[in-house]
1. Determine whether Met142 is within 16 Å of ligand 2 (Cβ to nearest atom) and either buried (at least 17 other Cβ atoms within 10 Å of the Cβ) or at positive phi (or both).
2. Does the stretch 203-217 contain at least one residue that is touching an Asp or Glu at 6+ places or on another chain (Cβ under 9 Å) and under 21 Å from Ile419 (Cα atoms)?
3. Do we find that Met11 is under 23 Å from Ser308 (Cβ atoms), in contact with a Leu (Cβ under 7 Å, 6 or more places away or on another chain) and part of a loop (DSSP other than H, G, I, E, B) in this structure?
4. Just checking, which of Val42, Val4 is β-branched (Val, Ile, Thr), over 28 Å from Gln184 (Cβ atoms) and crowded, with 16+ Cβ neighbours inside 10 Å?
5. Being more than 16 Å from ligand 1 (Cβ to nearest atom) and more than 18 Å from the chain's Cα centre (by Cα) narrows it down to one residue among Lys247, Lys270; which is it?
6. Going through Gly173, Gly187, Gly199 one at a time, which residue ends up being in the same structural domain as Ile231 (by TED's automatic domain parsing) and away from ligand 1 (no atom under 16 Å from the Cβ)?
7. Here are Ala191, Ala103, Ala86, Ala130: which of them is hydrophobic (A, V, I, L, M, F, W, C), surrounded by fewer than 24 Cβ atoms within 10 Å (Cβ to Cβ) and at pLDDT 95 or above?
8. Do we find that Asn279 is outside the structural domain of Arg125 (by TED's automatic domain parsing), closer than 30 Å to Ser23 by Cα and either within 16 Å of ligand 2 (Cβ to nearest atom) or at pLDDT below 95 (or both) in this structure?
Amino acid sequence: MEKVRIGILGMGTVASGLVNIMSMNRDIIHSRTGKILEIDKVLVKNLHKNRDVDLDQSKFTTDANEIINNENVDIVVELMGGIEPAFEYVRDALLNKKHVVTANKALIATHGEELEGIAVENGVRLMYEASVGGGIPIINTMTNNLSANDFTEISGIVNGTTNYILTQMTERGIELDEAVKEAQEMGFAEADPSSDIEGDDAAYKIAILSYIGFGQRIGLNEVPKEGITHISREDIKYADELGYVIKLIASSQKRENEIELRVHPTFIPKTHPLATVKNEYNAVMLRGNAVGEVMLYGKGAGAMPTGSAVLGDIIAIAKGISSEAKEAIQPLTKRYQVVNKGYSQYYIRMDVVDKPGVLGYISNIFGKNNISLASVVQRYKHDLVAPLVFITHEVERKNINEALQEVRTYGNVLKIASIITVEKSL
Ligand code: NDP
Ligand code: HSE
């Protein structure tokens, strides 16, 4: 039987999942591909680390050339993470006419255009299904099964770590730091978890999906992002009382000649399908002009789900079904203006001095800025401090910013504690 030789850059969480699935499903893979997938070499930083994989020590190396410049290697699988040296290794592997499979969203979101160009020029494939949504086949679904559609919206939960953290903060009442530690222990978090909790990871992913769906590369500086570090237990409690849960949402919408991408924590109504997506699970909603709404749901992080997506790409290449350069995603010709309007409902929480006229004064400022209020909640706290919670009707973010600028100058406002987007009920 023909052998397909694989070189793996990295042997951490995802690569271990990949190797374990290759061994668990060896017979199925043989019968589906008609080929034997064989791991030739594995690049690591530390040769002496104990690893949860059944691989002979002789396969490990600290020299990337043993993979990238190894004429026996057909497919290079990049599972190191980060931009450098991953970019250099992937570029050189493609230039050496090796197919590349990667789960690295940071790399694809920043250098995808250049790397795809090199892959096409060299007649090889660059595949990155695992870079978005872990085990969910989102990229393949969009490029193949739903390719008849003009997409107008891509949105959902695309970061497993923050979804795990918010779920645990909500259900067990634990603090952010403790939940981050748990997500790291379970292998969901990035090597530097600030990429998850500050929203960068979700920004990479929505930029990649926007390219797949709308055919236009979006610079990461064009994706306004807000992470979850400022989400307090108080906001989670108010969300619950008002009938919501807080989720980190990434969205990309196309309207007329505009595209708008955003990553931000959002109040999701408890009746909304995204409210039931918990822990490391992800869910992405696609809206296509023929198919309507499609929602894909599954584990968005972790060794085995992500390993499954990586191996799916390897198998596609091994079967030869994806070995034609012409199958690379083609940019569409129409260009859209990237905007940042933030048209939405908003939750605004502030601490004010508890005395007559304060609520009326603030409501008046909102009114002057064309902000209509959907609900207001006022609580007594202590020492004459009253927390005030507003939920607005839909409005552009600039109106909120302008109103709050004026609210901040009002002496009876002690603190504007939170501003969070609110999703409509379906
Ligand atoms: P890990 O940190 O667990 O593993 C990284 C591996 O790469 C380690 O084996 C490390 O070696 C090796 N490595 C890193 N830098 C170098 C270097 N300069 N030279 C040689 N080896 C190096 O990462 P993950 O498996 O979690 O993630 C891998 C990729 O997959 C990332 O791009 C991540 O964003 C992506 N991803 C991760 C998911 C997850 O659930 N974890 C899900 C989806 C995508 P050593 O072991 O010796 O230290
Ligand atoms: N750190 C990422 C997450 C891994 O938590 O979603 C999957 O891409």
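The values are calculated or read from the model by the stated rules, or taken from the named source; none is laboratory data. Source: prediction; values computed, not measured. Reconstructed Cβ throughout: ideal geometry from the backbone, glycine too, with neighbour counts over all protein chains shown.
1. no
2. No: zero hits.
3. The answer is no for Met11.
4. Numbers: Val42 fails: over 28 Å from Gln184 (Cβ atoms).
Just a single option satisfies the conditions, and that option is Val4.
5. Lys270
6. Gly173
7. Unique residue meeting the criteria: Ala86.
8. yes
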